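In what follows, a single structure is set out as structure tokens and then discussed.
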Amino acid sequence: VTVICTWRGDVTNDELNRLHAEAFDTRIYSADDWDWVDHLNQHSLGWVVARDGDRLVGFVNVLWDGLVHAWLQDTMVASGARHRGIGAEVVKVAVREAKAAGCEWLHVDFDEHLGVFYLDACGFSPTHAGVIAL
Ligand SMILES: CC(C)(COP(=O)(O)OP(=O)(O)OC[C@H]1O[C@@H](n2cnc3c(N)ncnc32)[C@H](O)[C@@H]1OP(=O)(O)O)[C@@H](O)C(=O)NCCC(=O)NCCS
């Protein structure tokens with residue numbers, strides 16, 4: 001089955017909470033703890049859903065400032081589906097759609113080991129960035 005990536009595709013809270021737990025080694029939040037669907041609809045420019053048949057295999061959330069800056073958050077691919085180009089493909093769709101929405105910059109931050117993924121496979125340029133643990 002070919003993996004299909006859809007901008008603002010349908011996805012459920014349970015699917016996203018399960019994928020997030022697998023990708024980031026967290027507990028599986030319930031829809032009461034983390035209502036992804038409501039949050040995506042209210043705050044995101046959009047998001048990309050990758051499905052292998054019915055199965056959710058990839059996702060990325062695209063936040064924005066309402067005009068020219070957009071950010072990637074929670075890029076994730078199911079562990080059994082990695083290294084097949086799905087991560088790079090969901091990011092490619094996010095780049096295309098952020099550009100189509102008029103954004104001029106797409107940002108992402110990541111741990112050093114993911115430089116190969118974001119810089120080489122996805123085409124990001126390195127930049128200075130900062131973060132504060134809250
Ligand atoms: C990062 C992630 C989304 C990549 O998804 P993927 O579908 O495996 O990525 P791709 O198949 O498109 O990878 C393309 C290339 O990027 C590089 N790459 C991918 N994952 C990598 C990783 N975890 N570490 C280092 N390089 C990686 C490889 O060069 C890869 O090519 P290869 O498969 O021929 O080795 C996936 O590993 C994941 O969900 N990780 C856990 C969650 C996470 O850390 N997300 C990022 C938060 S900033």
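Residues in the stretch 110-130 that are free of Cβ contacts under 8 Å to residues at least 12 places away in the same chain, among the small types (Gly, Ala, Ser) and exposed (fewer than 10 other Cβ atoms within 10 Å of the Cβ): Ser125, Gly130. I'd like to check something: does the stretch 94-117 contain any residue that is closer than 19 Å to Leu19 by Cβ, more than 8 Å from the ligand (Cβ to nearest atom) and at pLDDT 95 or above? The answer is yes; a qualifying residue exists. For the stretch 68-91, the tally of residues that are within 6 Å of the ligand (Cβ to nearest atom) and either under 12 Å from His20 (Cβ atoms) or among the aliphatic types (A, V, I, L, M) (or both) stands at 5. The residue pairs whose first member lies in the stretch 75-96 and is within 15 Å of Leu114 (Cα to Cα), whose second member is within 7 Å of the ligand (Cβ to nearest atom) and part of a loop (DSSP other than H, G, I, E, B), and whose beta carbons are closer than 8 Å, counting only pairs six or more residues apart or on different chains, are Thr75/Val108. Could you figure out which of (1) out of contact with any strand residue (DSSP E or B) (no Cβ under 9 Å at 6 or more places or on another chain); (2) within 29 Å of Thr2 (Cα to Cα) isn't true of Asp111? Tallying (1) out of contact with any strand residue (DSSP E or B) (no Cβ under 9 Å at 6 or more places or on another chain); (2) within 29 Å of Thr2 (Cα to Cα), Asp111 fails exactly one: (2). Checking each residue in the stretch 1-26 for being modelled with pLDDT of 95 or more, assigned to a loop (DSSP other than H, G, I, E, B) and hydrophobic (A, V, I, L, M, F, W, C) picks out only Val11.
The values are calculated or read from the model by the stated rules, or taken from the named source; none is laboratory data. Here the structure is a predicted model, which is why all the values come from computation and not from measurement. In this analysis, Cβ positions are derived from the backbone assuming ideal geometry, glycine residues included, and neighbour counts consider all displayed protein chains.
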